[in-house]
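Have a look at the structure below, then the notes.
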Amino acid sequence: MSTFRCGRLSHPVWKETNRAHWDEKVALHLGPRGYDLTSLRAGRGRFNAIEEAELWPVDGKHILHLQCHFGADSLKLVQRGASVVGLDFSEAAIDAARRLASELGLADRARFVQADLYAAPAAISESAAFDVVFVTWGAICWLPDIYRWAEIVSHFLKPGGSLYLAEAHPVAMIFDDAAPLPDGRPGFFAPYFSSDPVVMEEPHDYVDETTTVHNATTHTWIHPLGSIISALLAAGMTLDWLHEHDAVTWRMFDMLVRDDEGLWRWPDKPWLPLSFSLKATRR
């Protein structure tokens with residue numbers, strides 16, 4: 001079970017602690033109880049049902065995948081005809097992404113760069129060069145400054161290029177099973193409008209709940225939906241559409257049930273949104 005505390009942290013503490021957490025998770029996610037890469041290895045990797053329904057054709061597009069982890073989704077985009085640059089701050093993840101690209105014969109159209117998100121403009125020289133910036137699932141919560149993130153997204157997009165973002169809904173992120181209600185539903189856990197980091201001990205992995213990690217401390221931030229949209233608008237982008245979903249791609253709360261598409265939903269009524277997605281275009 002997660003534990004929580006709020007407080008301001010110096011820059012190196014949160015970043016290096018988060019990096020150690022994700023470095024350790026790479027081996028778990030590539031292990032026998034990790035991510036299912038069957039369809040990817042078969043030549044046609046499938047995204048989660050939400051992305052499959054929303055993502056537009058990417059054949060011939062140049063895509064930047066920010067916070068790409070070990071590159072599985074980056075390579076799914078390549079299999080659909082795109083050329084992709086993937087960026088992640090974990091050296092272990094980027095090494096794994098490069099090995100996976102080579103294994104699948106996709107290394108000629110997939111390049112992986114190890115760098116912190118906020119250092120991306122220095123690490124990747126292709127400003128205003130990408131047709132799409134792709135960001136999904138458990139990405140922006142690891143970043144303290146959402147306005148700087150939006151500026152970086154805009155920096156890399158061509159005029160007319162678009163961001164696709166799919167994420168946990170910030171309203172759902174204020175709740176957690178660590179503060180259960182009497183009926184078993186998750187209770188209030190972290191303030192929606194606080195700019196302080198949420199510091200948690202998360203020894204169990206979200207993919208394989210039977211495993212534990214040594215580097216369990218994490219630092220995340222809740223970015224209100226209004227802040228995310230305002231940041232993109234301030235960075236010179238327009239909002240094409242915004243969708244809220246009563247489903248999410250992992251078991252965010254113990255009481256959620258898995259549907260036929262592999263998404264996790266409320267068991268009785270759609271009490272509140274669990275995720276959201278949007279398309280925004282650089283003006």
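Given H placed on each backbone N at 1.01 Å, which residues far from Thr136 in sequence or on other chains put an amide H within less than 5 Å of it?
Ala166
Out of residues 5 or more away from Arg111 or on other chains, whose amide H comes under 5 Å of its own, with H placed 1.01 Å from N in the peptide plane?
Excluding prolines and chain starts, which carry no amide H, the hits are Val84, Val85, Gly86.
State the extension gain, in nm to one decimal, for the chain segment bounded by Thr212 and Arg148, taking 0.36 nm per residue of separation less the distance between their alpha-carbons.
Full extension from Thr212 to Arg148 adds 19.8 nm.
Output wanted: per-residue J couplings in Hz (rounded whole) for segment 139-152, from phi through Karplus 6.51 cos²θ - 1.76 cosθ + 1.60, θ = phi - 60°, x for Gly and Pro.
10, 6, 5, 8, 10, x, 10, 6, 5, 5, 4, 5, 4, 5
Give the separation of the Cα centroids, segment 245-280 to segment 35-99, in Å.
Result: 22 Å between the Cα centres.
Using the Karplus curve 6.51 cos²θ - 1.76 cosθ + 1.60 with θ = phi - 60°, what ³J(HN,Hα) values do you get for each residue of segment 107-119, in whole Hz, with x for Gly and Pro?
Coupling constants for segment 107-119: 5, 6, 10, 9, 10, 10, 10, 9, 6, 5, 3, 6, 9 Hz.
Of all the C-alpha pairs in the chain, what % are more than 35 Å from each other? Walk me through the intermediate numbers first.
Values: 4704 of 39903 pairs.
Tail fraction, whole percent: 12.
Share of the chain's accessible area from carbon and sulfur, percent, 1.4 Å?
Carbon and sulfur: 52 percent of the exposed surface of the chain.
Provide the per residue accessible area, probe 1.4 Å, for the chain, rounded to a whole number of square angstrom.
For the chain, the solvent-accessible area averages 44 Å² per residue.
Using the Cα gyration tensor of segment 191-283, with a ≥ b ≥ c the square roots of its eigenvalues, what is the shape: rounded (a/c below 1.5), prolate (a/b larger than b/c) or oblate (neither)? Before the final figure, lay out the partial values.
Numbers: a/c = 2.19, a/b = 1.33, b/c = 1.64.
Oblate is the answer for segment 191-283, as a/c is 1.5 or above yet b/c matches or exceeds a/b.
Zone of Ala128 (label point 7 Å along Cα→Cβ, backbone N under 20 Å): which residues in segment 151-195?
Residues 151-163 fall inside that zone.
According to the square roots a ≥ b ≥ c of the eigenvalues of the Cα gyration tensor, what is the shape class of segment 137-216, taking rounded for a/c under 1.5, prolate for a/b larger than b/c otherwise, and oblate for the remainder?
Cα axes put segment 137-216 in the prolate bin.
Would you mind checking which residues have amide H under 5 Å from Ala247's amide H? H placed 1.01 Å from N; only 5 or more apart, or other chain.
Leu274, Ser275
So for the pair Arg265, Ala27, with labels modelled 7 Å out along Cα→Cβ, what separation do we get in nm?
It is 3.9 nm.
Determine the gain in length on full extension of the stretch Thr238-Trp56; use 0.36 nm per residue of separation and subtract their C-alpha separation, reporting nm with one decimal.
Stretched fully, the Thr238-Trp56 segment lengthens by 63.8 nm.
Of all DSSP beta bridges in the chain, what percent run antiparallel (nearest 5)?
Roughly 60 percent of the beta bridges in the chain run antiparallel, per DSSP.
The values are calculated or read from the model by the stated rules, or taken from the named source; none is laboratory data. Everything numeric in this text was worked out from a predicted model, so none of it was measured. Neighbour counts run over all protein chains shown; Cβ positions are idealised from the backbone, glycine included. For accessibility, only protein heavy atoms count, side chains too; no ligands or nucleic acids. Shrake-Rupley method; radii C 1.70, N 1.55, O 1.52, S 1.80 Å.
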